[in-house]
1. Out of (1) under 24 Å from Arg132 (Cα atoms); (2) of a type in the set (A, V, I, L, M, F, W, C); (3) in contact with a strand residue (DSSP E or B) (Cβ under 8 Å, 6 or more places away or on another chain), the odd one out for Val30 is which?
2. Could you give every pair whose Cβ atoms fall below 9 Å, whose first residue belongs to the stretch 189-202 and is over 17 Å from Ala218 (Cα atoms), and whose second residue is open to solvent by 50 Å² or more (accessible area, probe 1.4 Å) and at pLDDT below 95, counting only separations of at least 6 or pairs across chains?
3. Scanning for something open to solvent by 40 Å² or more (accessible area, probe 1.4 Å), touching a helix residue (DSSP H, G or I) at 6+ places or on another chain (Cβ under 8 Å) and either of a type in the set (Lys, Arg) or in contact (Cβ under 8 Å) with a residue 12 or more places away in the chain (or both), does the stretch 179-187 turn up at least one residue?
4. What about Glu193, is it open to solvent by 90 Å² or more (accessible area, probe 1.4 Å), modelled with pLDDT of 95 or more and within 18 Å of the chain's Cα centre (by Cα)?
5. Quick check on my filter: what residues within the stretch 121-145 are touching a Phe, Trp or Tyr at 6+ places or on another chain (Cβ under 7 Å), among the hydrophobic types (A, V, I, L, M, F, W, C) and open to solvent by 10 Å² or more (accessible area, probe 1.4 Å)?
6. Among the residues of the stretch 203-230, count how many are free of Cβ contacts under 8 Å to residues at least 40 places away in the same chain and open to solvent by less than 80 Å² (accessible area, probe 1.4 Å).
7. So in the stretch 96-120, with the set limited to residues that are exposed (fewer than 15 other Cβ atoms within 10 Å of the Cβ) and touching a residue at least 60 places away in the same chain (Cβ under 8 Å), which one is farthest from Leu74 (Cα to Cα)?
8. List the residue pairs whose Cβ atoms are under 7 Å apart, where the first residue sits in the stretch 150-161 and is touching a residue at least 12 places away in the same chain (Cβ under 8 Å), the second is loosely packed, with under 13 Cβ neighbours inside 10 Å, and the two are 6 or more positions apart or on different chains.
Amino acid sequence: MTDYDTFARAYSAANETSLLNAWYCRPAMVDLAGDVTGREVLDAGCGSGPLCVDLRDRGAIVRGFDLSPAMVDLARERLGEETELLVADLGKPLPYDDQTFDVIVSSLALHYLEDWDAPLTELRRILRPGGRLVISVPHPAAYMFNYQDRDYFARTQYSEEFDFDGQSAVLTYWHRPLHAMTDAFTAAGFRIEVVSEPPWSPETPEDLLPPDLGDRTAFVCFLFFVLVAP
């Protein structure tokens, strides 16, 4: 289990302007969330709250939760006390009533969990009929490329070390193949509406992009899903 409390502020600072977060993942999540004006939106695994801010700025009524108390404190600094932000575990029953939300976003959170069945069932429970769950996870093809000696089809725990704003931290994830993801979505009662491999934002500063991309406008990094609750 990754303990974000030990490097929460460094992680948050690094991701404010990073290519993969600020210019790739968050814009894609906002775009896939659609029109959120006046909608009740939950950020499941909100971290320090940047996606909450983006959705609130687009008219959403936002709430969020995260497992890390330190991250939730940072989100409160960012969003203010008027936004409900809770410490809660995506892997356990959630503190919300049935059919509370129109949209749920969960960005780069599910891959920390070995079991997806219970979390997805909980998210389905708190979504209103017709509601949308927007998810981003590491692209399983990236795992296959980076760990060519491992079994792509095996659900596998692995760790990687990163530098966040000068602080070293180890993140531990669970890899699962694509079919295991989609099987979990449908088993929880969702209909898969969108599978997306989006480009980075056209506003991305050129100095953040790798120099060898040529004419490409996208890379294999994260995979995005829009799921609908019938």
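1. (3)
2. Close Cβ pairs satisfying both conditions: Gly189/Pro230; Phe190/Pro230; Arg191/Pro230.
3. Checked against the condition, which is being open to solvent by 40 Å² or more (accessible area, probe 1.4 Å), touching a helix residue (DSSP H, G or I) at 6+ places or on another chain (Cβ under 8 Å) and either of a type in the set (Lys, Arg) or in contact (Cβ under 8 Å) with a residue 12 or more places away in the chain (or both), the stretch 179-187 yields at least one hit.
4. no
5. Scanning the stretch 121-145 gives a single hit, Met144.
6. Residues meeting the conditions: 5.
7. Among them, the one singled out is Asp117.
8. Ser159/Val170
The values are calculated or read from the model by the stated rules, or taken from the named source; none is laboratory data. Given the structure is predicted, the values throughout are model-derived calculations rather than measurements. Ideal geometry is used to build each Cβ from the backbone, glycine not excepted, and the neighbour counts take in all protein chains shown. To get the accessible areas, we keep the full protein, side chains included, count just its heavy atoms, and leave off ligands, DNA and RNA. Shrake-Rupley method; radii C 1.70, N 1.55, O 1.52, S 1.80 Å.
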